[in-house]
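A short write-up of the structure that comes next.
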Amino acid sequence: MQISAEQIDNLQRLAPELILCFFGILIMVVDPFLGAARQRVLGWVAFIGTLAALGGVWVASHDLGYAYSNLIRTDQFSIFVHVVVIGAAALAILASLQYLDNEGIQRGEYYALVLFAAAGMGILAGANELVTSFIGLEMSSISSYVLVGFRRKSAQSNEASLKYFILGSFATAFFLYGIAMVYGATGTTRIDAVQTALAAAPLTSLSMLGLGLIFVGLGFKVVIAPFQIYAPDVYEGAPTPVTALLASAPKAATFALMIRIFYVSFGSAQSFWFWAVWISAVLTMCIGNLAAIVQTNVKRMLAYSSIAHAGYILVAFAASTEIGIAAVLFYLAAYALMKLGAFLVIAHLGQQGERRLNIQDYAGLGSKQPVLAACFSLFLLSLLGLPATGGFFGKFFAFQSALDSRIVWLVVIAAINSVIGAYYYLRVIISMYFWDPSKDYTPTAVAPTLSFALLVCAVGTLYLGILPARVLSLAKLAADSLILH
Amino acid sequence: MSLPLIVFFICALIAVVGAILLIVSREPIHSALSLILVMMALAVLYLLLGAEFIAAVQIIVYAGAIMVLFVFVIMVLNAGEEERTNWSRIAKFAGLPLGFFLLMWMAHWMADAAIGRTVANSGGGTTVAFSTVELSKLLFTKYLFPFEATSILILIAILGALVLAKREN
């Protein structure tokens with residue numbers, strides 16, 4: 001059998017997704033033969049799968065171009081997002097090993113679903129065609145619905161899953177309807193072809209309606225206001241490692257697709273969508289931050305904070321320049337690290353059944369578990385945007401790119417919001433170091449797998465905060481690769 | 001009046017009447033049955049447009065699989081008569097004008113397209129595959145990737161259903 005060069009290109013450019021799906025199916029096949037006691041092995045198989053997929057990203061990065069009759073576009077942009085998404089999945093899997101044991105729900109399907117979700121997000125990041133992106137979006141969404149409800153004995157987890165499923169399906173319908181409208185208006189579903197079609201003719205009300213519907217559908221998935229209502233309940237009810245994954249990876253992948261659609265396809269209509277993004281950014285930041293202030297449940301507080309961060313990302317998005325896109329990418333990478341880290345700390349501290357999530361439960365942690373408390377403080381300070389952490393440069397580049405595009409008021413509102421955010425992040429740190437420790441708390445040892453995942457997050461956050469230049473230059477390369485030359 | 005036009009009007013009428021019955025009837029099972037009527041009538045309309053594949057899929061998937069599922073769910077849940085609340089009255093007053101507005105808007109677009117004003121925008125180079133043969137050729141060549149990815153998607157859905165519904169041992 002002769003394999004043509006085109007086929008080899010197709011396989012190489014899609015290597016990460018193929019590897020992830022292969023390992024996902026492998027887990028499904030091996031699962032029944034292992035028995036309930038040895039399901040943990042499958043977690044390691046999944047972890048190896050994500051490492052192999054990162055290798056696949058490396059292979060793909062040496063063979064950039066289109067794949068499968070131009071439906072997939074493997075460029076530096078796609079590579080950058082792939083690394084973030086698959087890296088987040090790897091860390092979430094590592095953290096899940098112990099968590100699932102504690103909860104008594106150690107099952108291979110969990111890991112298969114995480115891998116499939118990551119594969120879907122990979123397709124999202126590289127899709128050059130709207131229907132293909134839709135399938136990627138559904139792969140990641142449907143896996144997420146199930147993962148959210150994985151603690152089947154917890155009513156909260158079930159409720160979160162159902163809520164996410166019903167509202168998520170609704171959002172998907174909006175997205176699909178939007179695709180249909182755009183197809184009706186331009187006669188194509190290819191992202192680059194839509195661009196040329198729109199450049200040739202003025203914007204019709206049909207394509208505007210299509211873009212609006214796509215904004216609603218994707219806005220739901222990246223959790224921006226006014227489509228954020230479900231997020232706190234879902235994030236709180238989901239098993240914490242799943243929350244960590246949900247807050248980081250799908251956000252990166254869906255923002256990548258949003259950038260492709262808004263910035264590439266509808267780049268000529270920037271004046272049309274600019275105000276929608278502007279208003280949404282303001283709402284997202286304000287709602288996220290103000291609601292986070294009144295939370296006493298730390299997991300829920302972090303859920304609101306992740307809404308607020310989507311708002312900061314929108315600030316850079318609104319800049320709609322190459323620098324702005326680079327800032328979005330840098331922010332997504334930094335945000336994924338710190339948010340994963342913060343949620344993984346909670347995954348450990350929550351203990352069996354996720355009982356200890358209240359801010360009171362974290363009192364005095366600084367003296368009982370100094371290393372863990374220091375890690376948590378680092379992530380919270382990074383979320384707050386303190387210098388020498390990744391969060392600082394994420395915000396810095398985002399605001400700077402917006403100022404370059406003369407969107408001054410949005411930056412002012414974002415800066416005010418950052419200050420508001422300081423209150424609830426610092427409150428947790430203060431409770432850890434200055435409040436009297438709660439007596440009934442007996443610290444449990446952090447599992448080596450979780451410590452490793454936390455170490456990676458912490459080192460990554462510090463690295464991006466001290467030496468941001470290298471990742472920023474990669475982000476700039478990625479943003480540059482988006483433009484069709 | 002030609003025969004296809006007569007068939008079109010009959011089926012269009014059935015579809016519209018079915019859709020109205022679907023909303024108006026208060027018994028869930030009646031709504032489900034009127035929905036089948038709408039789907040069947042739509043299938044005939046697709047056939048008239050020369051899209052025999054979509055017509056067949058419409059009957060097999062929608063009228064067949066999905067509706068059977070609906071009817072089963074209604075039977076299993078033993079759903080009684082629909083309840084009316086104050087909210088449903090608000091929905092009636094706000095929804096009717098909005099629905100009418102949407103209908104007029106869509107009619108406007110379609111009239112536009114028929115006259116040919118928006119046709120110029122619809123970019124060249126699109127091939128419209130009418131026959132099942134052409135459709136399947138596209139599916140297995142140009143659109144092979146999304147087609148195959150869909151199989152993974154269905155696999156995920158099956159796995160998910162298994163995870164959520166499997167009995168604990």
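Taken together, the values in this text are just the output of simple stated rules run on the coordinates, not laboratory data. In this text, all values refer to a predicted model and were calculated from it rather than measured experimentally. A quick note on method: Cβ atoms are made from the backbone with ideal geometry, for glycine too, and the neighbour counts reach across all protein chains shown.
For region A:313-425, the convex hull drawn through the C-alpha positions has a volume of 101 cubic angstrom per residue. Think of the protein assembly as shown as having a plus end and a minus end, set by charges on the Cβ of Lys, Arg, Asp and Glu; of A:318, A:97, A:273, A:97 sits farthest toward the positive end of this dipole. Averaged over the residues of peptide A:133-142, the number of Cβ atoms from other protein chains lying within 10 Å of each residue's Cβ is 4. One quarter of the convex hull surface built on the alpha carbon atoms of region A:329-390 amounts to 4.6 nm², the projected area averaged over directions.
Each listed q (0.16, 0.18, 0.19 Å⁻¹) maps to a log10 I(q)/I(0) for region A:1-124 from the Debye sum over equal C-alpha point scatterers, namely -0.73, -0.86, -0.93. Using the alpha-carbon centroid of each, what span in Å lies between region A:1-72 and region A:124-200? Centre-to-centre distance over Cα atoms comes out at 22 Å. Extent of region A:340-485 along its three principal axes (Cα atoms, max minus min coordinate, largest first): 61, 33, 26 Å. Taking every lysine pair in the protein assembly as shown that is 8 or more places apart or spans two chains, those with Cα atoms closer than 24 Å amount to 25.
Placing one identical point scatterer on every Cα of region B:1-103 and ignoring solvent, what is log10 I(q)/I(0) from the Debye formula at q = 0.10, 0.12, 0.22 Å⁻¹? After summing over all Cα pairs, the log10 values are -0.37, -0.52, -1.15. Per residue, the average separation of C-alpha pairs within less than 8 Å and at least 6 apart gives chain A a relative contact order of 16 percent. Taken over the alpha carbons of region A:5-483 as equal point scatterers, the Debye sum produces base-10 log I(q)/I(0) values at 0.05, 0.12 Å⁻¹ of -0.16, -1.00.
Considering region A:109-221 at the alpha-carbon level, its Rg and Dmax are found to be 16.3, 56 Å.
When only Cα pairs below 8 angstrom with a gap of at least 6 residues are kept, region A:201-299 shows a relative contact order of 35 percent. Other protein chain C-beta atoms within 10 Å of residue C-beta, averaged over B:7-17: 0. For region A:1-107, chymotrypsin sites (Phe, Trp or Tyr not before Pro) are listed when DSSP marks them as loop and at most 11 other Cβ atoms sit within 10 Å of their Cβ; the list is empty.
Over the C-alpha trace of region A:52-190, radius of gyration and Dmax come out as 17.1, 53 angstrom. In terms of its Cα atoms, region B:1-60 spans 37, 27, 10 Å along the principal axes, sorted from long to short.
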